[in-house]
Amino acid sequence: MSATVAGADQGTAAPALSPTSGRKASSAAEPGTGKEKRYKCQFCARAFSRSEHRSRHERSHTKERPFKCTKCRSTFVRRDLLLRHDRTVHAKDGGVPLQSDNKRRNTGAKASPNGSSSKIPELDEATLEQFGDSGDPFSVEQAAMLMTNFQQRAAMSGQDQGSIVTEPLISPHGPQLMEPNMPPYAATMTLPQMNGWDQMVPHNVGQPKPSSISSSIDAHHDMLPYPSTHTMAGASNTLPPLMERQSSQADGLPSFSLSSMNNGLATPGALSPFPSMMGPVSPVDYRRSPGAPQQCTMARAPQVDTDEQINRIMENIRRWDSEGALIDAFRLPQLSVLNRYLSTYFNFFHHHLPFLHPASFNPSTVSAPLLLSVLSIGALYTFEQDQAYMLHIGSKVLVTQFLQKRDNFSSRKCPLWMMQSSLLNMSFASWSGDPKGLEWACSIKSLLANMVAGNRYELKLRSEARDGRQPTHEEWIEDEGCRRTYYAVYIFFGLLTLTYNHTPAISFNEFDTLELPSSESLWNLEAADSESWIESLTASTIITFREAHDALFQGESARYSAFATRVMINALFLEVWYHKRSPEALQDVVTEYKLRLALDTWEKSLDVCEPETVVVQLSAPHKGHPLIFNAMAMYRNTRARLLVDLKTVQEALRYHDSYEVAAAMTNARDKVKRSQEMLNVIQACFDCIEVAALQGIRWVARTSATNWSIEHPLCGMDLIVILTLWLWRVEHDEEPANEEEKAMYQKLRNLFDDDSVDGYNNKLSSTVARLWGSMIDEVVVWGITKLMGESFKLHAQALTGYEDAMVAEAEQKLGSPTPQLQPHTTEVTAF
């Protein structure tokens, strides 16, 4: 020990020179190591003991990625990451693997006399035996040859090559952290055609689904207030899902158990660009609609790169704020926070209503009202409500000033950003949980509808002026942005009708000959030249709203995009709403038959839906684009509306009083009858709650607020109210349940664990109501879900109160006291 200390002291007497730069080293030493930090970063105050460490660190400032893969477009900060990428991703390609620096030096020393390097020997049986007999560790070349041989043998025997794993390719933090310094949006890559999806499903179907937390939320753990995967890893055993299912992971949802974090995701995701998660490309069911090999892409969220852009944004806001209303109260967030809001909007909200074009959305040049409305919703998804409301009010102020300065305002001359910012502001207000916000949104509903009508007429004139000429990419982006905004407004108005029973402000006749939205792949396409763009546009299938509408009512499947799928179910819902509000609805059997036929055809059309190749990194149980998942939620609600219309509950929701809403829920029990038709509705209700059950209520409660659209709690409200009232009738009616009702009741009961329902005299009806309320209000992005959650909890108490009242009435009839019952409780132990 003394010799070591002495040597260290002597070593500090004379300054050493850098072996690479010849500079003198500083006297600072790394604590506990004795190494001098002689290389300082030119961008910050950090110092390093080796020049390569400093160079590696400086790349975090310069964003330089000097190591490029020659077999694909990937780039890396360090060579060791490139080597790992090559031996894991490209090992099965059969090519010569890259070599490390030491291996290259060793190979150069063993080169043949004529200067040629030794080649990798062909891997035959004798070579395999030599590998097994030698006690030396495998080199990189030998490991690559072994991997190639194993996969070739697996292919010949029919075994899934994806089951041969060299090392985990997916980290516990989600795909975007596959490499430590890899950007979250990698270059495009191609997915191969697979022979079948079933071979990729894991065989341990008897294992229950473990508790899991959203990987996308974990990727943003620095911005979310509740614990991330890092902090919850130790508590995974204390928070099991309330509804565990003995089912396979055939739906493609990754299971984030401890073993999957250590060994990579067990179930491949079909839209994943990563080698261990390859599968067919389709927005619906991969097993039924495998699709052709297509290029898989991920859209990058717009970002602000420099403080100079921040200054331009502030100047833009001041220019729009002609009255100076925002000078004192408004403060623009700093650059990192601004980028966080942009990321959360485009990663969490945009995919559910994709009317903005991410590639052309420039925060420093876009109109200030639109930028502030985007940032306000982004702030909601980071749970920063004060900032969200400040940005929301700022956007509303600027929009109001713009309208006040236009004395001769014309809807035909209304700019597109005006409709887009008004739509986002109305969405913010309508789902905020504040009745005043809803009142404001309703007050400008007709104004927004008028903007859509006038702007659509201008779009029609522009299209006719081309005389059949195909639009350029820039022209098409402008026109498609208009169409997507019109349909987004249409969908939003449909949700207002579904939730609050508001009369629709736009009818489907407004979109008669308007083309439906294109696929997300075409919308996010980066055209290299005009010829490739025209080729892509010609190859796409785009039909008009009227053509799709007529096909559905004639029973003919229609092929359209995922966004168009969401548009068409909105149209069918409004058709059902108009039909149920008609005085002749009870006698109009023909219209109801046509509506049911159209709904059945819409569901069948999912099989021929346009394939989507844009990867959406959201944790949800759907098998494709989130728009399909959202459309299915509205489809189930529309089927139920044909038989049960809870108009009183919807009207009570307008005024945001949870006690009034709960009373309306309970008083609607007379609208829920026990019949064969009602069993079909209960099946739709079962499908709704099963979506949460298959994932685990606890998992859904933690992740659905940020990963699922607002459509799911809105559409699910009617279904769960119907379900709880039907369960209550089966449990308390004097008429005994028939065999089909018993089977449905037991199927629902099997969704729950024993601790939730098996309390003494504890009924399933009140348990379902309390569980659903606890699930949708645990993590709140949109305030309306908090109101719904509280209403369902009060509804559960009311159902339990009916049981107590019936017991007391039975005691009076018998004239003798009954044994004291234990207090009813529907509290779940896991909560």
Name the pairs: first residue in region 776-792 and over 18 Å from PHE428 (Cβ atoms), second residue in a loop (DSSP other than H, G, I, E, B), Cβ to Cβ under 6 Å, at least 6 apart or on different chains?
GLY789/ASP777
Single condition PHE355 does not satisfy, out of (1) open to solvent by 10 Å² or more (accessible area, probe 1.4 Å); (2) closer than 30 Å to ARG456 by Cα; (3) of a type in the set (Phe, Trp, Tyr); (4) touching a residue at least 12 places away in the same chain (Cβ under 8 Å):
(1)
Among the residues of region 429-485, what is the count of those that are under 22 Å from SER536 (Cα atoms) and hydroxyl-bearing (Ser, Thr, Tyr)?
2
I need the full set of residues from region 694-741 which are small (Gly, Ala, Ser) and in contact with a Cys (Cβ under 7 Å, 6 or more places away or on another chain), in order please.
GLY716
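Among the residues of region 519-547, which ones are under 21 Å from GLY468 (Cβ atoms), touching a strand residue (DSSP E or B) at 6+ places or on another chain (Cβ under 9 Å) and not in a helix (DSSP H, G or I)?
Going residue by residue through region 519-547, those that are under 21 Å from GLY468 (Cβ atoms) are 522, 527, 530-547.
Keeping just the survivors that are touching a strand residue (DSSP E or B) at 6+ places or on another chain (Cβ under 9 Å) gives 542-545.
Result: ILE542, ILE543, THR544.
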Taking THR497 and the conditions (1) at pLDDT 95 or above; (2) among the polar types (S, T, N, Q); (3) within 24 Å of the chain's Cα centre (by Cα), which numbered condition does it fall short on, given that it satisfies the others?
(3)
Requiring at least 3 residues that are under 30 Å from TYR345 (Cα atoms), at pLDDT below 95 and open to solvent by less than 20 Å² (accessible area, probe 1.4 Å), the helices (runs of 4 or more DSSP H) wholly within region 610-728 are 626-641, 676-695, 697-707
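Checking the condition buried (at least 21 other Cβ atoms within 10 Å of the Cβ), under 29 Å from PRO504 (Cβ atoms) and not hydrophobic (A, V, I, L, M, F, W, C), which residue from TYR457, TYR486 passes? Spell out the reasoning first.
Working: TYR457 fails: buried (at least 21 other Cβ atoms within 10 Å of the Cβ).
None of the others qualify; the one that does is TYR486.
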Suppose we keep only residues that are without any contact (Cβ under 8 Å) to a residue 12 or more places away in the chain and in a loop (DSSP other than H, G, I, E, B) within region 41-70. Which one would you say is most open to solvent (accessible area, probe 1.4 Å)?
LYS63
How about region 478-518: which of its residues are closer than 22 Å to TRP417 by Cα and in a loop (DSSP other than H, G, I, E, B)?
ALA505, ILE506, LEU514, LEU516, PRO517, SER518
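Go through region 425-446 and give me each residue that's within 15 Å of GLY494 (Cα to Cα) and among the aliphatic types (A, V, I, L, M). So that I can check it myself, show each step before the final result.
Restricting attention to region 425-446, the residues satisfying the condition of being within 15 Å of GLY494 (Cα to Cα) are 426-427, 430-431, 438, 441-442, 445-446.
Answer for region 425-446, where residues must be within 15 Å of GLY494 (Cα to Cα) and among the aliphatic types (A, V, I, L, M): MET426, LEU438, ALA441.
With respect to SER557, determine if the residue is among the hydroxyl-bearing types (Ser, Thr, Tyr), closer than 19 Å to HIS357 by Cβ and either assigned to a helix (DSSP H, G or I) or open to solvent by 40 Å² or more (accessible area, probe 1.4 Å) (or both).
Working: among the hydroxyl-bearing types (Ser, Thr, Tyr): yes; closer than 19 Å to HIS357 by Cβ: no; either assigned to a helix (DSSP H, G or I) or open to solvent by 40 Å² or more (accessible area, probe 1.4 Å) (or both): yes.
When the stated conditions are applied, SER557 does not pass them.
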For region 383-394, indicate whether the set of residues that are within 18 Å of ALA329 (Cα to Cα) and not in a helix (DSSP H, G or I) is non-empty.
yes
List pairs: first residue in region 686-698 and closer than 12 Å to ILE720 by Cα, second residue among the basic types (Lys, Arg) anywhere in the structure, Cβ distance under 8 angstrom, at least six positions apart or on different chains.
PHE686/LYS747; ASP687/ARG636; CYS688/ARG636
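Table: residues versus (1) touching a residue at least 40 places away in the same chain (Cβ under 8 Å); (2) farther than 20 Å from LYS445 by Cα; (3) open to solvent by 40 Å² or more (accessible area, probe 1.4 Å); (4) not polar (S, T, N, Q).
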site	(1), (2), (3), (4)
THR365	yes, yes, yes, no
LEU371	yes, yes, no, yes
GLU384	no, yes, yes, yes
PHE402	yes, no, no, yes
ARG406	no, no, yes, yes
SER421	yes, no, no, no
LEU424	yes, no, no, yes
Residues being under 25 Å from PRO517 (Cα atoms) and surrounded by fewer than 16 Cβ atoms within 10 Å (Cβ to Cβ) - total across region 579-599
2
Give the number of residues within region 426-442 that are among the aromatic types (Phe, Trp, Tyr), assigned to a helix (DSSP H, G or I) and buried (at least 21 other Cβ atoms within 10 Å of the Cβ).
1
The condition from (1) in a helix (DSSP H, G or I); (2) within 22 Å of VAL397 (Cβ to Cβ) that LEU356 misses is numbered (1)
Note on region 507-540: residues β-branched (Val, Ile, Thr) and surrounded by 14 or more Cβ atoms within 10 Å (Cβ to Cβ) are ILE534
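The values are calculated or read from the model by the stated rules, or taken from the named source; none is laboratory data. Since we're looking at a predicted model, the values are computed, not measured. Ideal geometry is used to build each Cβ from the backbone, glycine not excepted, and the neighbour counts take in all protein chains shown. Note: areas computed on protein heavy atoms with side chains; ligands, DNA, RNA excluded. Shrake-Rupley method; radii C 1.70, N 1.55, O 1.52, S 1.80 Å.
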